[in-house]
Amino acid sequence: KCFLFVLVRTREGLIWLYCLSFFLLSLKLEKKAKGKPQKQICQVVLDHFEKQYTAELGDAWSSVRDVLTSPWCWQHAVLLNRFSPSPGLESSLAEQGYRLAFAAALPYLPAAFRCYSRTAPGRFPAQKHQPGRLKEYYLLNAASLLPVLALEVKDGERVLDLCAAPGGKSVAILQCACPGYFHCNEYDDLRSRWLEQTIESFIPDPVINLITVSKLDGRQVGDLQPEFYDKVLVDAPCSNDRSWLFSADPQQAVLRLMQRKELSSLQFQLLRSAVEALRPGGSLVYSTCTLSRAENSDVINLILSSCRNVVPVDISGMARGVSQEFTFLSGMQQHELLVLPEKGRAWGPMYVAKLKKVSSS
């Protein structure tokens, strides 16, 4: 600041403007380097969450709230693309403090599946989409990989990703196995184009020929393809707690909160469609990125009570295997888990539940 003052007193206006611009740019870069959030907390959403999640999560909500309202402590994991190996990438990640995630013995962890994470916040440089060139890695919230590992896809199976955009879980499934038929569906037109670009960025031609991308209403897929799939993932539309807290438009936030109570009905209809699309003996995983009980356990309980041919599947073994990397809400049933963000491992929110179809409808 003293340096700037001397220049103002002793040089012409042009030099003063140059130095002032340089000074302001330095402040901007410093702010960006510290990872300070660019958006403000939406108080309407925070007040709503405060009331709901204090009741549903109890004492755990306080620490979760601190993480969700502090984006500079959010973390990103790096999922490597087995179709585009990059010499030196893993050693570069190690030099920056990343370590291999999911290193413990899990019920299902394919050798080709490699993901790196670190406890320090920050983001590894993103790669831009380039037509005709595969990306080497995908940046994501590490908790979003748990539904994929719970699904346990095997080579040759017929797999449906019912609500697939933006495509991260579809890409992750293909890091685990090569399905005989892979159906990626996304009803929303804009998100469907995003899904197609993601698949183009990560999957080579021989494998991409096994993928069908559609824009069907997910609630109708079960009627259109009854008992066709071995595995179904329902990563349902939900009230995304992280993004909703930073809603730029307060009016949009109020509208979202009003519509929130309708989401559980949509989620149930999608899940029921998934059950109809599943062959007897097949399994499905339901997931959301919200803490809301109405969109999580309540939806699963409703499907279990209304569909007599569906039973819960124990995923507690997977949860124990990753307990050093994730914090889970206590008191959940064995067929479900809820990842709670906390400082140092700010993954989630992510709800995961697994079901199996035992007979025809």
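The values are calculated or read from the model by the stated rules, or taken from the named source; none is laboratory data. On a predicted model such as this, the values are computed, not experimentally measured, just so you know. FYI the Cβ positions are ideal-geometry reconstructions off the backbone, even for glycines, and counts take in every protein chain you see. Just the protein is used for accessible areas: all its heavy atoms, side chains included, with ligands, DNA and RNA removed. Shrake-Rupley method; radii C 1.70, N 1.55, O 1.52, S 1.80 Å.
Spin-label model, residue 209 to residue 123: label points 7 Å out along the Cα-to-beta-carbon direction sit 3.7 nm apart.
Note on residue 74: accessible area approximately 50 square angstrom, rounded to 10, probe 1.4 Å, nucleic acids and ligands left out.
The amide H of residue 216, built 1.01 Å from its N in the peptide plane, has 186 as neighbours under 5 Å, considering only residues 5 or more places off or on other chains. Against the chain, whose longest principal axis is taken from its Cα atoms, helix 250-277 shows a tilt of about 30°. Heavy atoms of the protein chains alone define the surface here; on that basis the chain has 49 Å² accessible area per residue at 1.4 Å probe size. If you wrap the tightest convex hull around every Cα atom of region 274-342 and split its volume per residue, you get 101 Å³.
Rank 230, 59, 188 by mean-square fluctuation in a GNM of the chain with C-alpha springs under 10 angstrom and give only the top-ranked residue. In this elastic network of the chain, the residue with the biggest mean-square fluctuation among 230, 59, 188 is 59. Scattering from region 225-361 was approximated by placing one identical point on each alpha carbon and applying the Debye formula without solvent; log10 I(q)/I(0) at 0.22 1/Å stands at -1.29. Atom-type composition of the exposed protein surface of the chain places 55 percent of the accessible area on carbon and sulfur (1.4 angstrom probe). In the context of the full protein assembly, residue 157 retains an accessible surface of approximately 30 Å², using a probe radius of 1.4 Å and ignoring ligands and nucleic acids.
Any chance you could run the full-extension gain for residue 44 through residue 334? It's 0.36 nm times the residue separation minus the Cα-Cα distance, nm to one decimal.
Working: separation 290, 0.36 × 290 = 104.40 nm, distance 3.44 nm.
Additional length available on full extension: 101.0 nm.
Using θ = phi - 60° in the Karplus curve 6.51 cos²θ - 1.76 cosθ + 1.60, the 3J(HN,Hα) couplings for region 72-81 round to 5, 9, 6, 10, 9, 9, 10, 8, 6, 9 Hz; x is entered for Gly and Pro.
Residues of region 133-152 with an amide N closer than 15 Å to a point placed 7 Å from the Cα of residue 309 along the Cα-to-Cβ direction: none.
Average projection, convex hull of the Cα set of region 97-180: 6.6 square nanometres.
Length gained on full extension, residue 134 to residue 323: 64.8 nm, using 0.36 nm per residue less the C-alpha separation. Rounded to the nearest 10 degrees, the inclination of helix 189-202 to the longest alpha-carbon principal axis of the chain is 80 degrees. Cross-link pairs exceeding 19 Å between alpha carbons, from the set 154/354; 154/231; 128/343; 135/231; 51/261: 128/343; 135/231.
The calculated FRET efficiency for residue 69 paired with residue 249, based on their beta-carbon distance and R0 = 22 Å, is about 0.75. Since only 197, 185, 100 are under comparison, the one whose Cα sits farthest along the positive direction of the charge dipole of the chain, derived from C-beta charges on Lys, Arg, Asp and Glu, is 100.
Can you tell me the orientation of helix 13-33 relative to the chain, as the angle in degrees between its alpha-carbon axis and the longest Cα principal axis, to the nearest 10? Orientation of helix 13-33: about 30 degrees from the principal axis. Annotation: average projected area of region 42-94 is 6.2 square nanometres, based on the convex hull of Cα atoms across all directions. If R0 equals 30 Å, the separation of the Cβ atoms of residue 155 and residue 104 corresponds to a calculated FRET efficiency of about 0.80. Largest accessible area first, the listed residues 354, 261, 215 line up as 261, 215, 354 when surface is computed with a 1.4 Å probe on the assembled protein chains. Panel values: the chain, Kirkwood radius from alpha carbon pairs, Stokes-Einstein at 37 °C and 0.692 mPa s, translational diffusion coefficient 149 µm²/s. Proximity of backbone amide H atoms, modeled 1.01 Å from N, is registered between residue 114 and 80 at under 5 Å, excluding neighbours fewer than 5 places apart on the same chain.
In deg cm²/dmol and to the nearest 500, what is the mean residue ellipticity at 222 nm of the chain if only DSSP H runs of at least 4 residues count, each as -39500 (n - 2.57), divided by the residue total? Numbers along the way, then the final one.
Values: 14 runs with 146 residues, N = 361.
Only helices count here, giving -12000 deg cm²/dmol.
Modelled label positions at residue 302 and residue 316, each set 7 Å beyond Cα in the direction of Cβ, lie 2.7 nm from each other.
Heavy-atom accessible surface of residue 119, to the nearest 10 Å², is about 90 Å², with a 1.4 Å probe and all protein chains retained.
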